[in-house]
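What follows is a single structure, written as structure tokens, with notes after it.
The values are calculated or read from the model by the stated rules, or taken from the named source; none is laboratory data. Computed from a prediction, not measured in an experiment: that's the story for all the values here. Note: ideal-geometry Cβ built from the backbone for every residue, glycine included; neighbour counts use all protein chains shown.
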Amino acid sequence: MSVKAKVVSASSGTARMSRMSFTVKPTEPAPIIAVRSAMFYLVNSRFVHFVIVQKLLQWFRHVLYSLFVTKSVHSLQRIVLNAWQRDPAHRAGSHITALVGLETRRDHAAYDWHGLKRGGTTRGAYIIFQYTLDGFGHYHDYAGTRRVGAGQAFTAIVPSDHRYYLPAESEGWTFFWLLFYHPYIVERMARVQERAGAVWAIGQDQPLAQRAARIFERIAGRQFADDLALEHALFDFLFDYERFAEDLLHPKPAREGLLTFVRRYVQTHLDEPVDVAKLAALKEMSRSHFTHEFRRKTGLTPAAFIADVRLDEVTRRLISTNDKLEAIAAATGFADANHLCKVFRRRYALTPGDYRRQVRG
């Protein structure tokens, strides 16, 4: 299997391209080398591998260790740094490719990545999640140019029209990154990024930042037993990523306030039709304005949430009472038992009677 690679060095050292190995010749006694991920085009396969050059990394890890141990290191930085003391690795399976890296960049001219000029893969897009530990860089896309400082991260989908780079005013940028290819996860994260943007402020104690650091640690330490274990971890990362985005888009105080308002109203008017216009009037809004605000803050439509509250009460009564469907339908605001059955089956894929029998055993 033949491999081609391109390595970018952040120092005055030089790197020579070869087919399966790299020779590095430093021109200074101890230059700071920051190695960016290399793109490998596998001639006899359909996908792209990413590999870090071993000799450069031994050098790089020593420099970063010296950098971090001279100051107080946060727990997340310690996770990443400790993992990087071991030999880093990537994992590549039939449908998953994953790679991690830790870098400090000071070379303004050399560190500049454009999402449409990085080569490509016949398999499809891949994700780069890059978290800043110190210093700052810039990320640019359709939303403009944003500074990405300590405690911030960006998500880049490659290929796409974006650019990230070390600006002239930055003295350096230290970060760790995850790069992975998984068609389903990439598709879902791309949809999230479209809604929530590419650059997020993520505290080091946040579950998403901790999850990213743990994946970094496990890939760098070759701790995944197989591709299934890696895929499981990537799905956990996806769920934390989506949950974080949901909180960004729908802040909890505003979201919970609206949901509580509607839930309480429906619960006190369970046996009556609940008109969205009435809810809007109570909030001194037009129906259209209330519907727009409710959806913006909660991600739901008022009608869908009202139905959810009613169905929650239906399931409670099915489990805890022996009431007939006609009585439950009348008590929870449905037109009749047939109407209740249709709505219930659409949500649970079961009839109310089947649900009651299964839950009660």
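Within region 171-182, does at least one residue satisfy the condition of being more than 21 Å from ASP227 (Cα to Cα) and either of a type in the set (Gly, Ala, Ser) or not assigned by TED's automatic domain parsing to the domain that holds ARG105 (or both)?
From region 171-182, those more than 21 Å from ASP227 (Cα to Cα) are 171-176; that's our starting set.
Then keep just the ones that are either of a type in the set (Gly, Ala, Ser) or not assigned by TED's automatic domain parsing to the domain that holds ARG105 (or both); that gives 172.
Yes, region 171-182 contains a residue that is more than 21 Å from ASP227 (Cα to Cα) and either of a type in the set (Gly, Ala, Ser) or not assigned by TED's automatic domain parsing to the domain that holds ARG105 (or both).
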Notebook entry, point to check: Which of (1) in a helix (DSSP H, G or I); (2) under 30 Å from VAL192 (Cα atoms); (3) out of contact with any Phe, Trp or Tyr (no Cβ under 9 Å at 6 or more places or on another chain) is the odd one out, the single condition ARG263 does not satisfy?
Noted result: (3)
Next item on the list: Please go through region 332-347 and pick out each residue that is free of Cβ contacts under 8 Å to residues at least 24 places away in the same chain and part of a helix (DSSP H, G or I).
Entry: ALA337, ASN338, HIS339, CYS341, LYS342, ARG345, ARG346
Note to self: Filter region 165-196 down to the residues that are under 25 Å from LYS297 (Cα atoms) and surrounded by fewer than 18 Cβ atoms within 10 Å (Cβ to Cβ) and list them by number.
What the structure shows: GLU187, ARG188, ALA190, ARG191, GLU194, ARG195
Note to self: Restricting to region 165-205, give me the number of residues that are of a type outside the set (S, T, N, Q), assigned to a helix (DSSP H, G or I) and more than 19 Å from VAL100 (Cα to Cα).
What the structure shows: 9
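Out of region 352-361, which residues are exposed (fewer than 15 other Cβ atoms within 10 Å of the Cβ) and in contact with a Cys (Cβ under 9 Å, 6 or more places away or on another chain)?
GLY353
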Item checked: Residues that are surrounded by fewer than 17 Cβ atoms within 10 Å (Cβ to Cβ) and not hydrophobic (A, V, I, L, M, F, W, C), drawn from region 314-342 -> ARG316, SER320, THR321, ASN322, ASP323, LYS324, GLU326, ASP336, ASN338, HIS339, LYS342
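Listed residues ARG118, ARG86; which is modelled with pLDDT of 80 or more and of a type in the set (D, E, K, R)?
Working: ARG86 fails: modelled with pLDDT of 80 or more.
One residue alone meets the criteria, ARG118.
For region 211-236, how many residues meet the condition of being hydrophobic (A, V, I, L, M, F, W, C) and in contact (Cβ under 8 Å) with a residue 60 or more places away in the chain? Let's see the steps before the verdict.
Just the residues of region 211-236 that are hydrophobic (A, V, I, L, M, F, W, C), to begin with: 212-213, 215-216, 219-220, 224-225, 228-230, 233-235.
Within this subset, residues satisfying the condition of being in contact (Cβ under 8 Å) with a residue 60 or more places away in the chain are 212-213, 215-216, 219-220, 224, 230, 234.
Selection size over region 211-236: 9.
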Note to self: I'd like to check something: does region 279-292 contain any residue that is free of Cβ contacts under 8 Å to residues at least 60 places away in the same chain, over 25 Å from LEU340 (Cβ atoms) and in contact with a Leu (Cβ under 6 Å, 6 or more places away or on another chain)?
What the structure shows: no
Checklist line | Subset of region 235-266 [buried (at least 19 other Cβ atoms within 10 Å of the Cβ) and either closer than 20 Å to VAL186 by Cβ or of a type in the set (S, T, N, Q) (or both)] | finding: PHE237, LEU238, TYR241, PHE244, ALA245
Margin query: What's the total number of residues in region 224-234 that are in a loop (DSSP other than H, G, I, E, B) and surrounded by 15 or more Cβ atoms within 10 Å (Cβ to Cβ)?
Written below: 1
